[in-house]
Each structure stands twice: as C-alpha cells, then as structure tokens.
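Coordinate-derived values only; no laboratory data. These numbers come from a predicted model, not from an experiment. Here the Cβ is made from the backbone with ideal geometry for all residues, glycine too, and neighbour counts use every protein chain on show.
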Amino acid sequence: MNVRLIVPIVFIALAAASRLFPHPPDFTPLAAMALFGGAYFSDRRVAFAVPFIALLLSDLVLGLHQTMPFVYLGFGATVFIGMALRGKVRVLPVAGAAIASSVLFFIVTNFGVWLVGDMYPHDVGGLVLCYIAAIPFFQYSLMGDFLYTGLLFGGMAMAERYLWSTPSVIPD
C-alpha cells in the first residue's frame, strides 16, 4: 500500500472512532466520512467500502437500532455526492456538498424515524410533526458535518502538501 491510500483510510478510521466519545446529539462525522471517501478513492468499491466498514464497526460498538437502513441509505447517497467532488475539491464545492449531504441525511433518516417508529401517526401530519421535531437536532448535524468535513478535507490538503507534491484522486 502507498501513502496516498493509507492516509485517507486512517483519517476515516479516526473520524469513525470519534463517534465513540461523548458529543452533542447528531454532532457526528458521518457525512464527512462519506463525502471524503467518495471524493478521494477513485475505485467506487473502495469509495463505498472504506467509509461503510468504518461506520459499521463504530455502529457495532455503539449499538444498532431500527432506523439503521435509513442511516446507511443516507450515508451511501452522500458517498455519491462525494464522488461528484472529484477534481473539484475546493472550499465552496466541499461546503456546498456538506450542506447538501446534511439536508439529504435529515430528510432520509427522519423519514425512517416516522416510517418504522411509533412516535408519530403514520399519516402526512405525523410525517410533518416528525420533521418539525427534528429541526433542533439539525443544527448539531450541520455543525458536525462542517467541522468534520473541514478536518478531513483540510487534513488531506495538508498531507498532500507535506507528504507528496501533487494532489489527486487516490488510485486504488
């Protein structure tokens, strides 16, 4: 393995491990891990596998719940958003991708809470109530997505600058 492959794997593993430490609700590295994997691994299988394995391992420690399929669906869609960043890893496109993935994740996972849970009536009014009740948590999700996205993409920019001379998509 070369350093261009090892560095992003280590970054994603560290981000996943950070989930194990106390943090505000929904202040997690999930979107950042998926965006980063999609943006930096040229092989689609690796772009999905590395972040998904890191997520699964941290979930096995934290515990599983009934809305996991929706979390993984939102996570997978975010890898695709990261793939759209390939060759365009600059501040504004990455920030836009972080916002888009936060909104997407909010929509998908809260739909899952409504669909499989019993907290809200299973009608349009219940779905609206579910989304309204989740709004206060969205601020933490957005802050976490920005922080971790900045750390991962910024850390990779530093690695590219100091460990090798030309930035690129990681060959697998």
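Here the Debye sum runs over all C-alpha atoms of the stretch 1-129 as equal scatterers in vacuum, and log10 of I(q)/I(0) at q = 0.11, 0.19, 0.20 Å⁻¹ comes out as -0.41, -1.08, -1.16. Our summary gives the chain a relative contact order of 35 percent, counting only alpha carbon pairs under 8 angstrom and 6 or more residues apart. Comparing ASP123, ASP43, ASP59 in a Gaussian network model of the chain, where Cα atoms under 10 Å apart are tied by springs, the biggest mean-square fluctuation is seen for ASP123. Along the charge dipole of the stretch 3-160, Cβ charges K/R +1 and D/E -1, which of LEU129, MET156, MET119 sits furthest on the positive end? Of the candidates, MET156 comes out farthest on the positive side.
Backbone amide hydrogens, once placed in the peptide plane, bring PHE41 within less than 5 Å of ILE170, excluding anything fewer than 5 places away on its chain. Only DSSP H runs of four or more residues enter the estimate; each adds -39500 (n - 2.57), and after division by the residues of the chain the mean residue ellipticity at 222 nm equals -26000 deg cm²/dmol. Taken as entire DSSP H runs, the helices of the chain that both span 20 Å or more between Cα atoms along their own long axis and average -1.0 or more on the Kyte-Doolittle scale are 3-18, 44-62, 68-84, 91-116, 124-163.
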